[in-house]
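The values are calculated or read from the model by the stated rules, or taken from the named source; none is laboratory data. These figures come from a predicted structure and were not determined experimentally. Cβ sites come from the backbone with ideal geometry, for glycine too, and all protein chains shown count toward neighbours. We work out accessible area using only protein heavy atoms, side chains counted, and drop any ligands, DNA or RNA first. Shrake-Rupley method; radii C 1.70, N 1.55, O 1.52, S 1.80 Å.
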Amino acid sequence: MKFMKLGSRPDAFYTSNGVRSISSEVRTDLIIQVNETRFVLHKFPLLSRCLKLQRLCSANTETSQPRIIKLSDFPGGVKAFELCAKFCYGIKITVSAYNIVSARCAAKYLQMTDDVEKGNLVHKLEVFFNSCILKGWKDCIVTLQTTKPFQLWSEELGITSRCIESLVSKVISNPMKVVSHSHLNQKGDIEETHKTKRWWGDYLSELRIDLYWRTMTALKSGGKVPPKLIGDSLKIYTSKWLPKISRKLENRSGLNSESDPSSSNCRLLLESIVTLLPNERNAVSCSFLLKLLKAVNIFQASGSSRLELARRVALQLDEAKVGDLMIPSVSNDCDTIYDLDVFLNILEQFLLQSQQTSSSSAINGSMIKVSKLVDGYLQEIARDVNVPLSKFIALIKSVPELARLKHDDLYKAIDIYLKSHPDLNKREIKDLCRTLDCKKLSLEACMHAAENELLPLRVVVQVLFSEQTRAAMAGGHLTRLPNNIKALLAAKGTAASPSGSITITTTHTPRPHNEWFKSPNLHVSSSRMKQIADDESTDGSLKVQHPCLTPSQSKKMSGKLWLMK
């Protein structure tokens, strides 16, 4: 970091009884009061360089007592005035990025320009600012950080705008450049031993959000910085100023309070970051977008920010992970652990964008990935006893049926939901199980479903039909089947091999429709057949999806189930 030393005389200021004075053989004749501090000084050195003090003193009549001039609105306070006073006396002072803003504002207030005396403080500070401060990364950043108490002064003097322009030009000249710098402490002592190398995104992350937003907006508008680098900088800034969000989620009380200053600052930061996101699809990861969405939800940022993030997440939804989608619910009107509406909104956006970008209704790879993601999400929320069945089914149906190539994960989600919601009635259970396509279950899933006491018997029958049909079409061998499936297969003309496998024998001769049901190997208890009959009386007919049966055959088989009761 750069610094400038002015003056040559030793420091002669001292404090006595709360008053700042200067050691001198000449009698003091001027008292300047800044806030609550009084400076007992001399007119000549100060008035010769400060036009404002000249005018204030000339407006008063001469008296034998030292004149007291109050500067209640002095920018920079006591420290800034003392620096200007020491400059007037020729006492050594050090100017660096840490105090140049307050010194420049104070010099402007006192009108210490070359019109009063050549080589005055304003001129020297401007030369140092343009030739040194604006040349270095760290100097620009520190200078911008110190403008907060002097925002109006800094804007009027062009300090803020010139620093931002300098930073932008540095980034544009070499976006990938990593620079090193030496550390300068606030006393003006340079520490050469502490040198670090940093990328521009690290430097900019030190700015407060309003300055960061202005700088990044200028970078984006220039169009010379790759969107990926813009995204990386946003990620660095967010992780620095919104640390450990996951820990805050564990104790969410008070985070969404409208009167909480920290929450207000977080909302402002998040809304600003969302407006800075590059338009390009892969400029930031889907995981980062979902973290932003999670934070926006927690701190209850604007609805427009939430919708914009949902739209952007939808563009990259096939890259998401289930864990990133578990966005906590903070609404007082919702008892669920996770915010289901947010995810439903994302899915709606995804499907809408898929329809707009695809000229046909064909299922692409992204949609297949999203269907697997939805099933994984369903397994997580199924454990929540407050998840309503309507929303659970809505999430199942949110992706096209053709995109779900296998139903094993969906079956697992349904099984978890049934175990977590034992109070569902028969109609609700049927509605849920209708979303399951038994033909898309693997052998392992079929074996589990066939013995699942929570499933309606009609679903079990569909599972058995599907597995028997698949085995018959394969013409191969099946091993370790449950007894009920073995019985069904045996009834359809199967034979057990010496190894225990079942060989499927197919024939073109149609088998009588009632032979399958009259097989002595089909062990169905009367109580379970009664449940089937109860299902019949409730639903009207037994709807079994079996590709090998015609509608008339299905009707006869339904009638046989009635007779078996």
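Computed values, structure above
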quantity: FRET E, pair Asn279, Lys70, Förster distance 51 Å, beta-carbon r, rounded to 0.05; calculated: 0.40
quantity: Mean Cβ neighbour count within 10 Å, used as a protection proxy, ranking 461-471, 95-105 highest first; calculated: 95-105, 461-471
quantity: Cα-projected label distance for Arg311 with Val78, points at 7 Å along beta-carbon direction, nm; calculated: 5.4 nm
quantity: Equivalent ellipsoid, region 98-167 (semi-axes from 5 times Cα gyration tensor eigenvalues, Å); calculated: 20, 14, 9
quantity: In Å², nearest 10: area of Leu317 left accessible to a 1.4 Å probe; calculated: 0 Å²
quantity: Trp137, Trp200, Trp153, reordered so the largest accessible area comes first (probe 1.4 Å); calculated: Trp153, Trp137, Trp200
quantity: Cα-centre dipole for region 79-126 with unit charges at Cβ (Lys and Arg positive, Asp and Glu negative), debye to 20; calculated: 180 debye
quantity: Distance in nm between pseudo-label sites at Val385 and Lys397 (7 Å out along the Cβ direction from Cα); calculated: 2.8 nm
quantity: Net charge of neighbours whose Cβ lies under 13 Å from the Cβ of Ile68, counting Lys and Arg as +1 and Asp and Glu as -1; calculated: +3
quantity: Net lengthening on full extension, Asn35/Gln356 (0.36 nm per residue, minus Cα-Cα); calculated: 109.1 nm
quantity: Model label zone, Ala59; criterion: amide N under 20 Å from point 7 Å along Cα-to-beta-carbon; scope region 86-113; calculated: 106-113
quantity: Members of Lys2/Lys108; Lys148/Lys291; Lys412/Lys439; Lys86/Lys124; Lys170/Lys235; Lys135/Lys170 lying beyond 18 Å, as alpha-carbon distances in this model show; calculated: Lys2/Lys108; Lys148/Lys291; Lys170/Lys235
quantity: Extended-chain gain in nm, criterion 0.36 nm per residue less alpha-carbon gap, Ser23 and Lys406; calculated: 128.9 nm
quantity: Cβ-derived FRET efficiency at R0 60 Å, Lys228 paired with Lys440, nearest 0.05; calculated: 0.95
quantity: Net length gained if the chain between Arg427 and Val178 were fully extended (0.36 nm per residue, minus Cα distance); calculated: 83.1 nm
